[in-house]
Amino acid sequence: MNKEALTKLMQPKSIAVVGASAQPGKIGYTVIENLLKGGYKGKIYPINPTATTILNLPVYPSVNDVHESIDLAVVTVPVQFVTQVAEECGKKGIQALSVITSGFSEVGRRDLEDELLAITRRYGMCVLGPNIVGTLSNSDELNASFAPFLPFVGKATLITQSGALLIAMDAITYTRKVGFDKMISIGNMADVDFADLITWLDTDENTSCICLYIEGLKDGRKFIEACRKTQKPIIALKAGVSEHGAAAAASHTGSLAGAVKVYGAAFQQAGVVQASDLNNLFDRTLALSLQPPLRGEKLLVITNGGGVGVLATDSAERFGIPMHFAPEDVQVELKKHMPAYGSAKNPVDLTGMAGNDWYYESVKFAYAHPWTDGLVVLYCETAISNPLEIAQAVKKAIDETHIKNRPVVVSMVGGTRCDQAMQWLVENGIPAYGPPDQAMNAMAALREYNNIRNILSQPSTTCDPEGTKIAREVIARVRADGRIAMTEIEAKQIFTAYGLPVAPTNLATTEDKAVELAKVVGFPVVMKVVSPDIIHKSDAGGVKINIKSDAAVREAYQTILVNCKKYKADANIHGVAVQEMAPWGTEVIVGSVNDPTFGPTVMFGLGGIFVEVLKDVTFRVAPVNLKQVEKMLTEIRSAPILGGVRGELPRDRAALAELICRYASMVYDLSDEIAETDANPVLVYEEGKGLKVVDARIILKRK
Ligand code: COA
């Protein structure tokens, strides 16, 4: 995306409003009115074929009648005129279009959107929208939208796919006192998308945090790349929780890959903090826009009320923030600023007797102490203290330490005096909230931001070229056979090529061969049908386990063939596979799908009922790094089972993490060919004893 064009879109020095109207109530009137009300200092050119003045501004019949250059055209003409207007703007040399008009792909008219794009590409223009509210910027005194006013002043920038939500959030910024510099309605994203704007905002000195409302991305990988490169915190609220593609999936993994889970994984890999709802988005944005990340684990809580201290501690646990007792020297010093019955542990309870001085002294000492990584200050309104003065004492104490890289958040529980004090704090750069759990949630966001950025720093596992070569030969053979479903034996050849430890499986096409193979493998053995037409082998009666003798091998061979012919009379049966009966281990599933937004994506979960019933699985967009995979292993609800329960030894998590890394590099490497895969089950043994992929499935893309 052309940066110069984007700058003209975001910080235009002159604006034409094409479709400006003299009629109050029309969007073309409101945009002109908003530009004037917002205090825009650049030139405004209303364009209308018949009007002479609009809000005292001279009107031009077309952009060609304007003799000066124009940076941005805001388009408010009906949909049928938009392409003609775009052509005129292109000829005039306008580099940026902001198309407010609706009636494009959102109502099934992608053709109109494509036509618009073809014109703007020809002239090298960038297009925001169509189907948008427009753009707002406090620092540029720019309200090029039909939202009624500029947002409450601050350092966050919102990019939203919902225009209506922009207008609603704009109003909420005043009631919540969460400050924004810019608000951008992105609409149908025909051209300018989230990634383009995120990259541009990274160098915008008035934006300290990027806040996203996302319904769906078009190019997931471009989004991840742009977010990763950004130096500023990004927070996203993802709307739309429908499961997509699940019904048609042929693999286990395919049926479990809901859009929400994959987006959640992608956000983590992009270094994007998530918000759970609108309130949460505001709470977290406030903290991320005003404070540095929480870089360590030592959080100190100072309060004047035991109750709110306990509530904050409960919230900390809920958000996974460990609470530690303050070290001895901190406790000794803090004891000087509280009555004998106070507590200097953590939370530090100054008691209800606390006034400005105690808050000032204890905050100043604790915040500056090297033990402290972050500070949460709680205050309950009391008759002997003034909330605003407490807020000012806290701010003074923080400022006097001259420390800039430790976060502080405040919670003030009380009435309107507390509201005023909190507003004062926010205006002075300290995020302040009512309930203590909101403050702790804000601190959790600062911690999450730090942790996900750390995980990103490690490079992803890559694959070796020899493995790729072998895998592609196997794929070519399957394609030559006119198939997309691989047999277990073929899938295992690919797994082996990428260094995944599989239970060796060999094909028998006669009973005698099956007996011979069983003897080589050693009893007991497992026998399974090999047929590209039978994906779910057990359902077809195509699997026999724990076979202990020659006679049993012969019997199993015949039974499997009979069962499978009954299950699917026209199935092409290659024969019966004979493999070792792998010793018992904890069953896990590793798999992959080709997500429509993010491409190859790996899944991990515990096997059996955990995956069947509880859908206790987690995803990452491939490829992955070891730190991301280690996090995956802790993310599922049944994770403690891998740690060893009921006297069992812990499972070999290191081997499992390595397997998932290799698996992800395999599906990423072969993403032009592979649609879905499963390694299910994988048996994981005790620490140091590795694991084994018992069954394998690969479905190729249709070509
Ligand atoms: N050049 C300049 N002006 C033109 C023009 C052209 N080629 N063609 C028409 N106009 C003028 C019209 O004459 C009119 O001005 P007037 O009031 O002086 O007659 C003005 O453009 C607007 O046209 P009009 O036909 O009155 O349309 P409208 O104002 O009722 O609606 C839109 C126009 C763009 C607002 C409407 O089509 C639309 O898309 N609305 C939805 C917008 C939206 O909600 N977006 C955000 C979604 S989140």
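Tell me yes or no: at least one residue of the stretch 64-71 is surrounded by fewer than 13 Cβ atoms within 10 Å (Cβ to Cβ), assigned to a helix (DSSP H, G or I) and within 14 Å of the ligand (Cβ to nearest atom).
Yes, because at least one residue in the stretch 64-71 is surrounded by fewer than 13 Cβ atoms within 10 Å (Cβ to Cβ), assigned to a helix (DSSP H, G or I) and within 14 Å of the ligand (Cβ to nearest atom).
Kindly indicate the residue of the stretch 129-160 that is among the β-branched types (V, I, T) and more than 16 Å from the ligand (Cβ to nearest atom) and also farthest from I198 (Cα to Cα) among those meeting that condition. Reasoning before the result, please.
Residues of the stretch 129-160 among the β-branched types (V, I, T): 132-133, 135, 153, 157, 159-160.
Restricting the remaining residues to those that are more than 16 Å from the ligand (Cβ to nearest atom) gives 153, 157.
Values: V153: 20, T157: 10 Å.
Step by step, filter the stretch 129-160, then rank; the result is V153.
For the stretch 37-58, enumerate the residues that are more than 9 Å from the ligand (Cβ to nearest atom), hydrophobic (A, V, I, L, M, F, W, C) and crowded, with 19+ Cβ neighbours inside 10 Å.
I44
What number of residues within the stretch 489-541 satisfy the criterion of being closer than 28 Å to I660 by Cβ and not in a strand (DSSP E or B)?
Total satisfying the criteria: 23.
Take the conditions within 16 Å of the ligand (Cβ to nearest atom), touching a residue at least 60 places away in the same chain (Cβ under 8 Å) and either part of a helix (DSSP H, G or I) or touching an Asp or Glu at 6+ places or on another chain (Cβ under 6 Å) (or both) and apply them to T30. Does it pass? First the steps, then the outcome.
Working: within 16 Å of the ligand (Cβ to nearest atom): yes; touching a residue at least 60 places away in the same chain (Cβ under 8 Å): yes; either part of a helix (DSSP H, G or I) or touching an Asp or Glu at 6+ places or on another chain (Cβ under 6 Å) (or both): yes.
Taking the combined requirement at face value, the residue satisfies it.
With respect to V77, is the statement that it is in contact with a strand residue (DSSP E or B) (Cβ under 7 Å, 6 or more places away or on another chain), part of a helix (DSSP H, G or I) and near the ligand (Cβ under 8 Å from one of its atoms) true? Break it down stepwise before answering.
Numbers: in contact with a strand residue (DSSP E or B) (Cβ under 7 Å, 6 or more places away or on another chain): yes; part of a helix (DSSP H, G or I): no; near the ligand (Cβ under 8 Å from one of its atoms): yes.
The answer is no for V77.
Might you check whether a residue that is under 37 Å from the mean Cα position of the chain (by Cα) and farther than 22 Å from N138 by Cα occurs anywhere in the stretch 50-66? Let's see the steps before the verdict.
First, pick out the residues of the stretch 50-66 that are under 37 Å from the mean Cα position of the chain (by Cα): none.
No, there is no match, as no residue in the stretch 50-66 is under 37 Å from the mean Cα position of the chain (by Cα) and farther than 22 Å from N138 by Cα.
Going through the stretch 494-507 one residue at a time, which ones are more than 19 Å from A655 (Cβ to Cβ) and either buried (at least 21 other Cβ atoms within 10 Å of the Cβ) or at pLDDT 95 or above (or both)? I'd like the intermediate steps shown before the answer.
First, the residues of the stretch 494-507 that are more than 19 Å from A655 (Cβ to Cβ): 494, 505-507.
The answer is I494, T505.
Conditions first: (1) exposed (fewer than 14 other Cβ atoms within 10 Å of the Cβ); (2) at negative phi; (3) of a type in the set (K, R). K692 passes all but one, so which condition is the exception?
(1)
Can you name the helices (runs of 4 or more DSSP H) wholly within the stretch 347-457 that have at least 1 residues being free of Cβ contacts under 8 Å to residues at least 40 places away in the same chain, more than 22 Å from F180 (Cβ to Cβ) and of a type in the set (D, E, K, R)? Quick ask: steps written out before the conclusion?
Working: elements: 356-368, 387-401, 416-427, 436-456.
Hits in the stretch 347-457: 356-368, 387-401, 416-427.
If you scan the stretch 171-188, which residues turn out to be within 13 Å of the ligand (Cβ to nearest atom) and over 21 Å from the mean Cα position of the chain (by Cα)? Talk me through it step by step, then tell me what you get.
Of the stretch 171-188, the ones within 13 Å of the ligand (Cβ to nearest atom) are 183-188.
Those that are within 13 Å of the ligand (Cβ to nearest atom) and over 21 Å from the mean Cα position of the chain (by Cα): none in the stretch 171-188.
Report, by residue number, each residue of the stretch 5-27 that is away from the ligand (no atom under 16 Å from the Cβ) and in a helix (DSSP H, G or I). So that I can check it myself, show each step before the final result.
Filtering the stretch 5-27 down to residues away from the ligand (no atom under 16 Å from the Cβ) leaves 5-14.
Correct list: A5, L6, T7, K8, L9, M10.
The values are calculated or read from the model by the stated rules, or taken from the named source; none is laboratory data. The structure displayed is predicted, hence computed values, not measured ones. Reconstructed Cβ throughout: ideal geometry from the backbone, glycine too, with neighbour counts over all protein chains shown.
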